[in-house]
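Novice: Attaching a single structure in structure tokens format; questions to follow.
Any read-out appearing in this document is the output of simple, stated calculations on the displayed coordinates, not a laboratory observation. Worth saying up front: this structure is predicted, and the values here are computed from it rather than measured. Glycine also receives a Cβ, built like all others from the backbone with ideal geometry; neighbour counts cover every protein chain displayed.
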Amino acid sequence: MVSWKDYEGVDGFGATSQQEVDELNKALAAGNAQNPPGSAVAGDGFALRVESLESTLKNTTYKMEHIQLWKAIRKIPAYNTVEEHNEIQSYGENSDAGWISEGDLPEEDDARYERKFSVVKFLGTSRRVTHPMTLVRPAPTGNVIAQETVNGTMHLLRIMESALFYGDATLSALQFDGYETLIKAKSPTTNIIDCRGKPLSEDYLTDGALTAHDAPNYGKPTHLFCNPKIKADLVKTFFPKERHDTFTANGNLVGLDIKGFTSPAGDIALVPDVFISDGGAPNAAAVGDSTKRPGTPTITTPDSTPGSALSKFTADDAGDYFYKIVACNRYGRSIPVVVDASAITVAAGDETTFGVTPGGTTTTDWWEVYRSAKGGATTATRRIIRVVNAAGVGETIIHDYNNYLPFCSSAFMFQLNEESMTFKQLAPMIKIPLATIDSSIRWMQLIYGVPVLYTPGKNVLYLNVGRSSGYVGAA
């Protein structure tokens, strides 16, 4: 029988000397290593530690709440890879021929119709999970196949959301045209408002709403999609105005948000969408399969700045700029190449031009051109234009007329209903198992469809939307 007498002469907790405590620490330390050491180390207690892993997978990227246009746009079925629709262009051609004398026969007039077509495009991703991975008990994802299916879905939705705005079939025939491309190609020039670096304001919103609403467009805009920062700049303009109503009814919360605005054409919802961007910075390294992505391009004709009648470089734009270029195809992107290590000086009325030639043996489908702000650094550039590589393996001459400004984005005022625009689906998102050719489970996830713009004049595109002065992170 064990009793306290058995412990006589043995120092208990709180009575141990500091030297003995130091010896104990020396003998065995829990440590905070995140991976087991490569070899056993005397005194390291890693093997006795039980890992503490949270049961929830933390999401560090976008979520479904960030997908806005895809969720909002009306989707209708497609029944062919080429989808057609009819448009009525006018009810009659002669607006003055309706007046008649008493007893006269009215003049005959006819409506004008036009048939248009859209080509369905295909978007997909392949996923694979090894069979042993399905047998282990993973944490914290649970069913790995289910998790990878969700991941594949989100991957496709990101591509789809961005393509709905910026898709361009002239760059790659595999893409469909997004609404920026469709509006540029089909809308009257009055439906394209160039902000030239100024932030979105109530004046711009009102002008856009009236453009869509007035004759000959007769539209009723319902939604404005823009980058969240663009919306935030608009919200900031209301901060100084009558602060008494900025407190909520449920507590001392201050601040302001704007869900929409009332225009002369009706109420228009403001929808912030993170996939409407300022073009983004160039990738730091090459992206994609090295055997399929474009090789590193070469600047084969040095930059120059001749005068051009097409130039939009004004006296305020005159200054020094840095350029980078990236070769792209559907498999990936090359590393960015600096066009000139020295700043390129541009005067009012000039353009910037240079020649670029693909590198390697893989195909380059298009070029992305990045430019700094005036007086900016070579490390701070944003994409301004994408140029199709029509020269194949030959040289493409790039022209920058300053039509598009770095650090600016687009905004889209839509009449978001079936009369104006839809997405035609030949197939909604589907999952197709692939043949078992190794000890893994493989499948494809696919979407077939195409966005359609029926009435271009009922929608407005804002270009070169800038930021308010002094914003956080200003270039």
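Novice: So what is the diffusion coefficient of segment 287-400 in µm² per second by Stokes-Einstein at 4 °C and 1.567 mPa s, using a Kirkwood Rh over Cα pairs?
Specialist: 90
Novice: Averaged over all directions, how much area does the convex hull of the C-alpha atoms of segment 269-348 cover when projected, in nm²? List each step's numbers first, then the result.
Specialist: Working: hull surface 34.4 nm².
Its Cα hull, projected and averaged over all orientations, spans 8.6 nm².
Novice: Of the peptides 145-157, 367-379, how do they stack up when ordered by the mean number of other Cβ atoms within 10 Å, highest first?
Specialist: 367-379, 145-157
Novice: Label points 7 Å out from Cα along the Cβ direction at residue 281 and residue 258: separation in nm?
Specialist: The modelled label-to-label distance comes out at 3.0 nm.
Novice: Below 8 Å, C-alpha to C-alpha, sequence gap of six or more: please give me the relative contact order for segment 287-400 in percent. Each step should come with its number before you reach the end.
Specialist: Working: 298 pairs, mean separation 37.5, N = 114.
Relative contact order, segment 287-400: 33 percent.
Novice: If r is the Cβ-Cβ distance from residue 107 to residue 418 and R0 is 25 Å, what FRET efficiency results, to the nearest 0.05?
Specialist: It comes to 0.15.
Novice: Got the relative contact order for segment 375-475 handy, in percent, Cα pairs under 8 Å and 6 or more residues apart?
Specialist: Numbers: 108 pairs, mean separation 32.9, N = 101.
Reported as a whole number, the value is 33 percent.
Novice: Sorted by mean Cβ packing within 10 Å, highest first, what order do the peptides 430-437, 358-365, 298-305, 101-108 take?
Specialist: Descending packing order for the listed peptides: 358-365, 298-305, 430-437, 101-108.
Novice: Of 231/259; 75/116; 198/374; 63/458; 424/458; 121/229, which sit over 21 Å apart, Cα to Cα? Mind showing how you got there, number by number?
Specialist: Working: 231/259 10 Å; 75/116 18 Å; 198/374 15 Å; 63/458 31 Å; 424/458 19 Å; 121/229 31 Å.
63/458; 121/229, as the Cα separations exceed 21 Å there.
Novice: May I ask you to sort 67, 385 by Cβ crowding, counting other Cβ atoms within 10 Å and putting the fewest first?
Specialist: 385, 67
Novice: While we're looking at this one, here's another question. Contour minus end-to-end for residue 385 and residue 201, with contour as 0.36 nm per residue of separation and end-to-end as the Cα-Cα distance?
Specialist: So the chain would gain 63.8 nm between residue 385 and residue 201.
Novice: So, one more: Could you let me know the centre-to-centre spacing of segment 95-128 and segment 321-335, using Cα atoms, in angstrom?
Specialist: 41
Novice: Right, next: Could you tell me how far the Cα centroid of segment 183-198 sits from the Cα centroid of segment 337-382, in Å?
Specialist: Centre-to-centre distance over Cα atoms comes out at 25 Å.
Novice: Hey, another quick one. When the label point is put 7 Å from the Cα of residue 399 along its Cα-to-beta-carbon vector, which residues of segment 320-354 have a backbone N closer than 11 Å?
Specialist: Inside the label zone: 351-353.
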